[in-house]
1. Take the residues of the stretch 16-38 that are basic (Lys, Arg) and out of contact with any Lys or Arg (no Cβ under 9 Å at 6 or more places or on another chain): which is modelled with the lowest pLDDT?
2. Considering each residue of the stretch 136-152, count those that are of a type outside the set (A, V, I, L, M, F, W, C) and surrounded by fewer than 15 Cβ atoms within 10 Å (Cβ to Cβ), and give that number.
3. Please state which of the following conditions residue 107 fails to meet, knowing it meets all the rest: (1) under 23 Å from residue 37 (Cα atoms); (2) crowded, with 16+ Cβ neighbours inside 10 Å.
4. Keeping to the stretch 118-171, report how many residues are more than 17 Å from residue 81 (Cα to Cα), in contact (Cβ under 8 Å) with a residue 12 or more places away in the chain and of a type in the set (D, E, K, R).
5. If you scan the stretch 104-117, which residues turn out to be within 24 Å of residue 61 (Cβ to Cβ) and touching a residue at least 24 places away in the same chain (Cβ under 8 Å)?
6. Assuming residue 70 fulfils every condition listed in (1) assigned to a strand (DSSP E or B); (2) loosely packed, with under 12 Cβ neighbours inside 10 Å; (3) not polar (S, T, N, Q) apart from one, which condition is it?
7. Looking at (1) outside any loop (DSSP other than H, G, I, E, B); (2) touching a strand residue (DSSP E or B) at 6+ places or on another chain (Cβ under 7 Å); (3) of a type outside the set (Asp, Glu), which is the only condition residue 85 fails?
8. Filter the stretch 39-67 for residues that are modelled with pLDDT under 95 and either of a type in the set (S, T, N, Q) or part of a helix (DSSP H, G or I) (or both) and give the result.
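The values are calculated or read from the model by the stated rules, or taken from the named source; none is laboratory data. Nothing here was measured: the structure is a model prediction, and the numbers come from that model. Every residue, glycine among them, receives a Cβ derived from its backbone with ideal geometry; neighbour counts consider all protein chains shown.
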Amino acid sequence: MKTRSLLTVLLVPFGTASSARIPAQEAPQRPFEETGERGNCRIFFWGTNRSGGQVRVEYGRPVWKDSYDGFVDDVRDRRWRLGQNFWTSLDTNMPLKVGGLELEPGLYYLALEHQRDGRFVLLFLDPQEMRDLKLDAFQVDETDSGSEAPLAYQKSPIQSGRLTLFLKTEPLKPCTAVLQIHFGNHLLSTSMEMHPDP
């Protein structure tokens, strides 16, 4: 961003009284190599000799920095990348209901939104749409599509030094789970109903 702003300034002719700007030229595309630790959590159902279904979330694990507190407390009406590097994804081969939102089997890209009224929501984006637009997860705030599931927010007494996602089943309700997002002292969660084959 700083490079592009600097280029815009340098391309404006010196000594002109005009307020018109010459648009910055796009930098040529070049590859960037990237490696990083990916986290994942999964729930799968298993009977005698086959699976009735499964759901898996895969995500990058950024390290917590205290400076992030300001974003959690103050920045609103904005979409955030959930995780690090490539899109966080949810892949399921069974129908789900997440926070009341019904999802068909398939692959979804996930993101967070901190809404103007202070609520947090989990966004489910269409991967094909993101591929067609060639959007990196870092650019998620440029999107306006997707389906929302509400997230409950609470402060955690335990700090998570890296982003960690959990899928936790409820012992007395085997088709019910909780998806938790733990980063720093912040904990977001939503309910999940799973519909495996019998």
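1. 21
2. Within the stretch 136-152, the first condition is being of a type outside the set (A, V, I, L, M, F, W, C), and the residues that meet it are 136, 139, 141-148, 150.
After this cut, where a residue has to be surrounded by fewer than 15 Cβ atoms within 10 Å (Cβ to Cβ) as well, the list is 136, 139, 141-142, 144-145.
Residues that pass the stated criteria total 6.
3. For residue 107, the exception is condition (2).
4. 2
5. Correct list: 109, 110, 111, 112, 113, 114.
6. (1)
7. Condition (1) is where residue 85 drops out.
8. Scanning the stretch 39-67 gives 48, 49, 66, 67.
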